[in-house]
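Encoded as structure tokens, the structure appears first; notes follow it.
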Amino acid sequence: MRRSVTLLLCLVAAGPAQALRCDGGIVSRGDDTYELLAKCGEPSYIRRVEGPIVTGRVYDFFGNGYATEYLDTPYEVWYYDFGPRRLLMKITVRGDRITRIEGSGYGYRGDGGGER
């Protein structure tokens with residue numbers, strides 16, 4: 001019982017992934033795509049997102065929200081599949097910089113490969 005509680009507390013304290021470890025090294029938020037490609041190789045899949053992104057609301061003097069601000073900058077989500085024993089990683093890229101790194105369940109590659 002004590003181990004279960006300790007493990008649960010460690011998982012809660014871990015938070016979201018801030019870095020990705022690949023065979024070529026570690027990449028983190030703020031790194032450019034050149035470093036990502038050099039350290040992790042080509043992604044398994046790239047999804048381009050072009051719709052407007054809500055960045056916030058504009059408020060009047062009384063604090064009432066009356067308009068929504070949008071950012072129309074396209075961005076990409078790069079997927080790295082390192083196999084069924086590691087997490088499938090989603091890397092959000094805006095411009096040429098990594099803005100977000102998150103795990104998304106376990107990978108799918110049957111050969112356990114994917115690391116470069």
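Please treat every number below as a calculation from the coordinates, not as lab data. On a predicted model such as this, the values are computed, not experimentally measured, just so you know. For neighbour counting, all protein chains shown are included, and Cβ atoms are generated from backbone atoms with ideal geometry for every residue, glycine included.
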*Calculate the spin-label point distance for Ile46 paired with Tyr75, positioning each point 7 Å from the Cα along the beta-carbon direction, and give it in nanometres.*
1.7 nm
*Gain upon complete extension [Tyr34, Arg21; 0.36 nm per residue less C-alpha separation]*: 3.1 nm
